[in-house]
1. Could you check, for the range 224-231, whether at least one of its residues is touching a helix residue (DSSP H, G or I) at 6+ places or on another chain (Cβ under 9 Å) and under 30 Å from ASP18 (Cα atoms)?
2. Across the range 207-265, which residue is farthest from the chain's Cα centre (by Cα) among those that are surrounded by 18 or more Cβ atoms within 10 Å (Cβ to Cβ) and of a type in the set (Lys, Arg)?
3. What number goes with the only condition from (1) farther than 18 Å from ASP208 by Cα; (2) modelled with pLDDT of 95 or more that ILE50 does not pass?
4. Might you let me know whether the range 271-292 holds any residue that is in a helix (DSSP H, G or I), at pLDDT below 95 and of a type in the set (A, V, I, L, M)?
5. So, TYR196, is that one assigned by TED's automatic domain parsing to the domain that holds HIS92, in a strand (DSSP E or B) and in contact (Cβ under 8 Å) with a residue 12 or more places away in the chain or not?
6. Please find, within the range 238-262, the residue that is farthest from VAL185 (Cα to Cα) out of those that are in contact with an Asp or Glu (Cβ under 9 Å, 6 or more places away or on another chain) and not in a helix (DSSP H, G or I).
7. Of all the residues that make up the range 88-146, how many are touching a strand residue (DSSP E or B) at 6+ places or on another chain (Cβ under 9 Å), modelled with pLDDT under 95 and assigned to a helix (DSSP H, G or I)?
8. Can you name every residue in the range 149-164 that is closer than 13 Å to ALA111 by Cα, part of a loop (DSSP other than H, G, I, E, B) and touching an Asp or Glu at 6+ places or on another chain (Cβ under 6 Å)?
Amino acid sequence: MGSMAPPAPHIFGPLSPDTGHAMALSPLVTRILAPNPSPFTYEGTQTYLIGQTELAVIDPGPDEAAHLDALVAAIGGRSVRAIMCTHTHRDHSPGAAPLARLTGAPIIGCAPLTLEDDGPRADAAFDPDYAPDQVLHDNDTVSGEGWTLAAVATPGHTSNHLCYALGAESALFTGDHVMGWSTTVVSPPDGDMTDYLTSLEKLMGRDDTIYYPAHGEPIAQPRRLVRGTLGHRRMREGQILRHLERHGRSAIPDMVAAMYAAIDPRLHGAAGRSVLAHLIDLERRNLVIPDHEGWRVRASH
């Protein structure tokens with residue numbers, strides 16, 4: 001469960017789209033937007049500074065000189081207790097090593113993970129150079145003056161994904177696990193829909209009052225969003241089963257064309273990865289099977 005402490009006042013309005021601008025979101029949370037907007041990252045990766053006199057940095061983002069300069073300026077010579085990554089996609093962790101050299105801070109957080117990503121987005125390939133000084137596991141904590149961050153293991157988007165809970169403000173930094181602007185891509189072989197749904201259920205059992213995602217606006221009604229995300233995934237699952245029942249068998253591109261006709265075509269590749277993740281989950285549950293022409297519903301279903 002999350003902290004039972006009353007939430008601190010959150011003082012944000014609409015978030016600034018200006019990259020490099022240090023924006024205070026609460027007494028302990030400051031946000032800096034990286035200059036890497038895309039159809040997959042929204043306005044860019046949001047790096048968070050936690051604390052007032054001694055800091056943690058969550059998701060340092062890409063290894064971009066302008067972003068690193070903005071982070072150093074926002075840190076302003078204060079001590080950095082830890083540089084913490086939620087996961088190791090290239091829009092999240094490559095800034096960790098150069099920021100560590102600039103600040104002398106250790107890299108503490110998710111485990112390293114390197115594999116060939118056959119997904120559709122080059123910017124989400126795994127960061128092969130990520131080398132943490134300390135790996136955190138579920139419920140492990142890091143503390144600085146006035147704050148403690150607890151790791152919340154949330155595999156699914158990636159197998160090494162962690163969220164970080166800030167008990168002093170009943171806040172959760174959700175990385176790419178839950179975002180307000182879009183659903184999360186779950187891309188096999190590392191992305192796993194079964195794990196993702198389990199991790200969403202885990203968040204439903206917590207009492208955080210606000211989420212800070214790596215992309216998009218803060219989420220002020222987190223349980224409502226998680227409940228809606230679970231419902232959305234079950235809806236997609238139902239669409240897949242109905243499509244296969246209707247057509248007998250189908251290939252993933254045909255499913256995407258039928259189910260995602262309204263979304264930006266640039267996202268169809270990513271949608272196909274999530275469809276594959278759903279199919280793998282359904283296969284584990286003995287509801288569908290693959291064949292040489294695509295996928296079909298099990299005869300017993």
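The values are calculated or read from the model by the stated rules, or taken from the named source; none is laboratory data. As the structure is a prediction and not an experimental result, all values here were calculated from the model. Heads up, the Cβs are rebuilt from the backbone with ideal geometry, glycines too, and the neighbour counts pull from every protein chain shown.
1. Here is the first cut: in the range 224-231, the residues touching a helix residue (DSSP H, G or I) at 6+ places or on another chain (Cβ under 9 Å) are 226-227, 229-230.
After this cut, where a residue has to be under 30 Å from ASP18 (Cα atoms) as well, the list is 226, 229.
Looking through the range 224-231, at least one residue is touching a helix residue (DSSP H, G or I) at 6+ places or on another chain (Cβ under 9 Å) and under 30 Å from ASP18 (Cα atoms).
2. ARG236
3. Every condition holds for ILE50 apart from (1).
4. So far as the range 271-292 goes, yes, one or more of its residues are in a helix (DSSP H, G or I), at pLDDT below 95 and of a type in the set (A, V, I, L, M).
5. On the way: assigned by TED's automatic domain parsing to the domain that holds HIS92: yes; in a strand (DSSP E or B): no; in contact (Cβ under 8 Å) with a residue 12 or more places away in the chain: yes.
In short, no.
6. If we take residues in the range 238-262 being in contact with an Asp or Glu (Cβ under 9 Å, 6 or more places away or on another chain) and not in a helix (DSSP H, G or I), then ARG249 is farthest from VAL185 (Cα to Cα).
7. 2
8. Scanning the range 149-164 gives PRO155, THR158, SER159.
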